[in-house]
Amino acid sequence: MLDKLGGIALQTDSLKWLLNPIQFKQELLSRIASAMHSIHIAALYLEDDEAGREVLNALLAAKAANPELQIVVLVDYHRARRGLIGHKGDSGNYIMYRKAMAEAVQPFDILGVPVKSREFMGVLHLKGFIIDDAVIFSGASINNIYFQQLDKYRFDRYHVIESAELARSMRSYIQQHLVNDSAVCSLTQDSSEEQCPEKQDMRTFKTRLSRSEYEFESTRIGNRVTPLVGLGRKKNKLNEVIVKMVDESTESLFICTPYFNPPNALVRALTRHLRNGKSIDIVVGDKTANDFYIPPEKEFSTIGALPYMYEQSLRKFVKRQQWAIENGQLRIHLWKNGINSFHLKGISADGKKHLITGSNLNPRAWALDLENGLLLHDESGAWKQSFESEQAFILEHTEKLFHYSQIETLQKYPAPVKKIMTRIRRLKADFLLRRIL
């Protein structure tokens, strides 16, 4: 299937790797400053902090210098209208957007996309920074930690693809399926005249999005990139390609995921892969490298149980596949680097096909959120060494697991974590929580 999957032709030098948040930030700001005709940004959020304001100011400066420049910024509607989890008193990022545009010489809209009528039911997880004829693709959103603005960073993947056709296709998707939809509204409206999307429009939006796809001039030969988008469990092309990458791999897989909680279909595919004698490297964040980890010396809140839930999911998988670890087929790498966190996603198969994506490869991404990704077909092997160098860089701060017993059990967790996880298990709520969190 994947060999016959059409894509956009790419030259060898069309693809560039950025290896850290600082390079990513510099590339984005440089591209914004030099943009000629259009900037389209899709991210989960643009935060009201130093990094978020720096990007917003860069966009405003580019628009002031070139009033004809088209700027479209899309963020999740619900995420923009609430404060941060665990932080009281925040009033939402849209307050910053509204104030900035009210003072701007050349304002532009920042649009809120309500993928579902409630945030816990699904969010805008579509990714892409499309500037003129280039696409910067990363799972990162825009805030201090993703840009390493202050004392810590959230590690992600960052790629730059020079392709007028890919940029056109991604811009067209944004315009046709998001900007022009009645469920999508401006987050910069004056409070006295604010018009929110109708509830009926939000309820039916998911159906419209589930039928959407990228349109592009396609080829089935040579090095190419296939843009993919998906929402929902049924006929989700991105999910289908992920499973096919595992099933059609003939030798090895290299998988990155920040939260180890794969959907059942992916677990079955990985198990088949191992049973057929092939190998897998899985890089996952240590629980202390999770966004929601709370050190024992700090005050605990319920959200702090999440990293431990993911760790138990990993322990269960590793215990079942211990035989594959012992014979060298399965290698689990735990990433940990001080106070920094891990947010990498993607799959490489046989060093020939590489999916870069914002999908967390978990049940929520599989069924609830609007996700996208770019499948790179390296027919000539021109990018093989660069991907291997990226993988070696990713593995620098990892520790390899040799036995499932290296992962702590519930009994060794801090008392507040043990209490809440015991309660969750007693209520048999862990099955549901893993699908919505």
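The values are calculated or read from the model by the stated rules, or taken from the named source; none is laboratory data. None of the values given here were measured: they were computed from a predicted structure. Neighbour counts run over all protein chains shown; Cβ positions are idealised from the backbone, glycine included. Surface areas here come from the heavy atoms of the whole protein model, side chains and all, with no ligands, DNA or RNA. Shrake-Rupley method; radii C 1.70, N 1.55, O 1.52, S 1.80 Å.
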Original post:
With Glu162, Glu119 as the choices, which residue is open to solvent by 60 Å² or more (accessible area, probe 1.4 Å) and in contact with a strand residue (DSSP E or B) (Cβ under 8 Å, 6 or more places away or on another chain)?
Top reply: Glu162
Original post:
Which strands (runs of 3 or more DSSP E) does segment 11-109 wholly contain that include 2 or more residues that are within 30 Å of Ser192 (Cβ to Cβ)?
Top reply: 38-42, 70-76
**OP:** Scan segment 345-382 for residues that are of a type in the set (A, V, I, L, M, F, W, C), in contact with a strand residue (DSSP E or B) (Cβ under 8 Å, 6 or more places away or on another chain) and either in a helix (DSSP H, G or I) or farther than 26 Å from Ile41 by Cα (or both) and jot them down.
**Re:** Ala349, Ala365
Subject >> In segment 199-253, the residues that are β-branched (Val, Ile, Thr), touching a residue at least 40 places away in the same chain (Cβ under 8 Å) and part of a helix (DSSP H, G or I) >> reply: Val241, Ile242, Val246
Subject >> Unmet requirement for Gln70, which otherwise passes all of (1) without any contact (Cβ under 8 Å) to a residue 40 or more places away in the chain; (2) open to solvent by less than 70 Å² (accessible area, probe 1.4 Å) >> reply: (2)
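Table: residues versus (1) touching a residue at least 24 places away in the same chain (Cβ under 8 Å); (2) open to solvent by less than 20 Å² (accessible area, probe 1.4 Å); (3) more than 15 Å from the chain's Cα centre (by Cα); (4) under 30 Å from Lys16 (Cβ atoms).
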position: His273; (1), (2), (3), (4): yes, yes, yes, no
position: Asn276; (1), (2), (3), (4): no, no, yes, no
position: Ile294; (1), (2), (3), (4): no, no, yes, no
position: Pro307; (1), (2), (3), (4): no, yes, yes, no
position: Ala367; (1), (2), (3), (4): yes, yes, no, no
Original post:
Which residues, counting only those in segment 260-283, are part of a helix (DSSP H, G or I), at pLDDT 95 or above and not small (Gly, Ala, Ser)?
Top reply: Leu266, Val267, Arg268, Leu270, Thr271, Arg272, His273, Leu274, Arg275
Subject >> Residue under evaluation Phe393, criteria (1) part of a loop (DSSP other than H, G, I, E, B); (2) touching a residue at least 60 places away in the same chain (Cβ under 8 Å); (3) surrounded by fewer than 16 Cβ atoms within 10 Å (Cβ to Cβ), criterion not met >> reply: (1)
**OP:** Residue by residue through segment 20-45, note down the ones that are open to solvent by less than 60 Å² (accessible area, probe 1.4 Å) and of a type in the set (A, V, I, L, M).
**Re:** Leu28, Leu29, Ile32, Ala35, Ile39, Ile41, Ala42, Ala43, Leu44
